[in-house]
Structure formats: C-alpha cells, structure tokens
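Peer 1: Structure in structure tokens, see below.
The values are calculated or read from the model by the stated rules, or taken from the named source; none is laboratory data. All values reported here derive from a predicted model rather than from experimental measurement. Methodologically, a virtual Cβ is constructed for each residue, glycine included, from the backbone with ideal geometry; neighbour enumeration extends over all protein chains shown.
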C-alpha cells in the first residue's frame, strides 16, 4: 500500500511517515499543495493524508482539483481547524474523513485502516468492455473464459482498469508496480504489456491496450465492437 502525505509541518510529516513505514506502508511526503496535487495525479497512491493550511495551494483546493480529475484515492484531511463549518467544507471538497489536530496516533491509524478497508471492500471485480478483472483471484474473465495473471501482470492490469481509459505513462506504471527504488526500466513495462495483450486475445476480450506515442498506455474497446454497438 502506498500513502502520500501532504503536510508542511516537516517534523509531523516525517514522524507520520516513519510510523507508517514501520507498519509496512510505502510512504512519500511533500510539503506544499502544488506538489501534493502533482503527486496525487500520478494515480499510484492508495491513500492521501492531506493538511489544509499549506503553502502555494490549500488542502481544500488540492482535494477539489483531484476529484475534478476523477481520481478516487481516499483522502484523510488533517487540520487544526475544528469548527463544524470547516469540517463540512473539507468533506464537500472531496475528503473522505476529517481528523483534527492534535490527534492520538492510534486514532490516525484507525482512520487509515478504516479508509483502506472501505476502499478494498467496495469492489471485488472491475469491468471494462466485455472483460472483468477479479481482484481477489487475479484473474481476467470474459464470458466463460478466464485466465490467471502473474503478480506483475495483475498489478499492471488493475492499474489500467482503474484508470478507466485514462492514459497512464510508463513511468507511472514503473513507479506503481516496481517501486521508486527499483532498477526496472521502460522495456520491462513493454514486455508485460505484450504478455497482457496475448492473454486478453486468448479469452476473446474486446478490450485492447493501446500505446500512445510518448504518453503511455490506456484501455479501449476495439473499434469493431464499438461499431457493432451503434
């Protein structure tokens, strides 16, 4: 699980990062709103911990912009503002939960776990075109046909499905699937995309993984199936 912390109090941000890493999470930290928006747009995080009073762009605006781009990452807002109007405004901006400072670290962990459980419990399967990805079994399904995916294939396929047709760069796939510290290169992505294309074809899927030059990959329904549906 990858978590992004957007908090300008460096001591607090780094303390939360250290705690979460001890719990087994992968954590990145940025200290201003503009950087928070840029990182969140990568689409590689499972949770965003977002302060409100930030340099360059406040947390309300960051949340609104993220939601405006249809990025569904759960957002936990941290703030010293405790008035009802502030909490309501934060939730209306796109936050999923609102935690006021100071807070007990046990409460923070409980909120994080609750949001991550909620995210995982929402769906066991995602669908695009005539094909589904079983999230519990790591399996592609098309009608009566199904095929097992390897761990890397599954991570890439889930990322593409969840993007809903949005273009995902090779760099983002490398970061999401292999991690920041990996020595993997873009050719690794290309190899696994080739594997996935063959598996989609083998089960009669009508979705294709399209490469957009210099931008990345996205899913789309084959043109023949689009015409047939008209």
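Peer 1: Can you tell me which residue in the range 175-192 is modelled with the lowest pLDDT, limited to those that are assigned to a helix (DSSP H, G or I) and touching a helix residue (DSSP H, G or I) at 6+ places or on another chain (Cβ under 6 Å)?
Peer 2: Looking at the filtered set, the residue picked out is 176.
Peer 1: From 78, 20, grab the single residue that is in a helix (DSSP H, G or I), touching a residue at least 60 places away in the same chain (Cβ under 8 Å) and either touching a strand residue (DSSP E or B) at 6+ places or on another chain (Cβ under 9 Å) or crowded, with 17+ Cβ neighbours inside 10 Å (or both).
Peer 2: Among 78, 20, only 20 is in a helix (DSSP H, G or I), touching a residue at least 60 places away in the same chain (Cβ under 8 Å) and either touching a strand residue (DSSP E or B) at 6+ places or on another chain (Cβ under 9 Å) or crowded, with 17+ Cβ neighbours inside 10 Å (or both).
Peer 1: Going by the conditions given, is residue 174 more than 14 Å from residue 210 (Cα to Cα) and without any contact (Cβ under 8 Å) to a residue 60 or more places away in the chain?
Peer 2: Taking the combined requirement at face value, the residue satisfies it.
Peer 1: Do we have residue 187 as within 22 Å of residue 66 (Cα to Cα) and without any contact (Cβ under 8 Å) to a residue 12 or more places away in the chain here?
Peer 2: On the way: within 22 Å of residue 66 (Cα to Cα): no; without any contact (Cβ under 8 Å) to a residue 12 or more places away in the chain: yes.
No.
Peer 1: Output yes when any residue across the range 44-55 is surrounded by fewer than 16 Cβ atoms within 10 Å (Cβ to Cβ) and under 15 Å from residue 95 (Cβ atoms), and no when none is.
Peer 2: The answer is yes; a qualifying residue exists.
Peer 1: What number of residues within the range 23-42 satisfy the criterion of being assigned to a loop (DSSP other than H, G, I, E, B) and over 24 Å from residue 64 (Cβ atoms)?
Peer 2: 3
Peer 1: Moving on to the next point. Mind checking which residues of the range 185-198 are touching a strand residue (DSSP E or B) at 6+ places or on another chain (Cβ under 7 Å) and surrounded by fewer than 17 Cβ atoms within 10 Å (Cβ to Cβ)?
Peer 2: 197
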